[in-house]
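Undergrad: Dumping the structure here so I can ask a few things about it.
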Amino acid sequence: MKCVVFLDRDGTLIEEVGYLDRPDRVQLYPWAVDAIRALNQARIPIVMITNQSGIARGFFTEAVVDDVHRHIADLLKAGGAHIDAYYYCPHHRDGSVAEFAVACDCRKPGRGLVDRAIRELSVDPARSFTIGDRWLDVALARNIGGRGVLVRTGYGADQERHPPEGLVADAIVNNLVEAVSWILERSDETLGSGL
Ligand SMILES: [Mg+2]
Ligand SMILES: [Zn+2]
């Protein structure tokens, strides 16, 4: 059973631009390729987990999200890096598209997408990490018994100033590359238990 990094997208891997509705609005952070490649080299799988309620709200379709993820994959590939799986939650209970206007268990901090990774990729959540710019990314780590790193990019700096009661990040760092360094410093124990 593998240790995995569950990676947030907007504000963590790419610039936060609100509802991202076109691939050409994707902007990787300057350190993103290096950070992802470092995890690849350590043979730690990366699973993107992103809330995309813009689908339920009718702002864009699933096909757009797929195009965005294909574009991100191309940009990473050009730098010799890759993300192992791209999962998203299309739902929102207040959405306007009936198919997706439901209360689901896969919208973060719900663990539905992690459970999918457990089924499809034999992941050990307790040895896994989340990286994200919102407290809900840290809450996801709590919900799966893993460790959560908050980054200060995107909404992160603001989130850091408003910690929710009872929720503590395992680390708060400036950006994705620092989050990956933090994880790799702890990956001996991770690798030692049988990656
Ligand atoms: Mg985010
Ligand atoms: Zn969902």
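Undergrad: Assigning unit charges at the beta carbon (Lys, Arg +1; Asp, Glu -1) and nothing else, what dipole magnitude in debye, to the nearest 20, does segment 15-91 show about its Cα centre? Provide the component values of the computation, followed by the final result.
TA: Working: 7 positive and 10 negative charges, 32 e Å.
Computed about the Cα centre, the dipole is about 160 debye.
Undergrad: Roughly how many nanometres apart are two label points built 7 Å out from the Cα toward the Cβ at ASP67 and ASP105?
TA: 3.4 nm
Undergrad: Could you rank GLU120, GLU99, GLU160 by how accessible they are, 1.4 Å probe, largest area first?
TA: Correct descending sequence by accessible area is GLU99, GLU120, GLU160.
Undergrad: So, R0 is 45 Å and r is the distance between the beta-carbons of ASN174 and ALA98; what FRET efficiency does that work out to, to 0.05? Write down the numbers at each step before the final one.
TA: On the way: r = 41 Å, r/R0 = 0.92.
The formula returns an efficiency of 0.60 here.
Undergrad: When the Kirkwood radius is taken over all Cα pairs of segment 86-190, what Stokes-Einstein diffusion coefficient follows at 25 °C and 0.890 mPa s, in µm²/s?
TA: Calculated translational D: 168 µm²/s.
Undergrad: In addition: Kindly work out what percent of the DSSP beta bridges joining two residues of segment 1-143 are antiparallel, to the nearest 5. All intermediate terms of the calculation are to be shown ahead of the outcome.
TA: Details: 1 of 14 bridges.
Percentage antiparallel, nearest 5: 5.
Undergrad: Then there is this: Compute, for the chain, the length of the dipole vector about the Cα centre, with Cβ point charges of +1 (Lys, Arg) and -1 (Asp, Glu) only. Units Debye, rounded to 20. Before the final figure, lay out each step's value.
TA: Working: 22 positive and 28 negative charges, 60 e Å.
So the dipole magnitude of the chain works out to roughly 280 debye.
Undergrad: Projecting each Cα onto the charge dipole of segment 1-146 (Lys/Arg +1, Asp/Glu -1 at the beta carbon, about the Cα centre), which of LEU28, LEU113, GLN52 comes out farthest on the positive side?
TA: Final value for the positive-end residue is LEU113.
Undergrad: Rounded to two decimals, what is the ratio between the C-alpha radius of gyration of the chain and 2.2 N^0.38 Å?
TA: 0.96
The values are calculated or read from the model by the stated rules, or taken from the named source; none is laboratory data. Quantities reported herein were computed from a predicted structural model and do not represent experimental measurements. Note that each Cβ is placed from the backbone with ideal geometry, even for glycine, and that neighbours are counted across all protein chains shown. When the accessible area is computed, the model is the full protein with side chains, heavy atoms only, and any ligands, DNA or RNA have been set aside. Shrake-Rupley method; radii C 1.70, N 1.55, O 1.52, S 1.80 Å.
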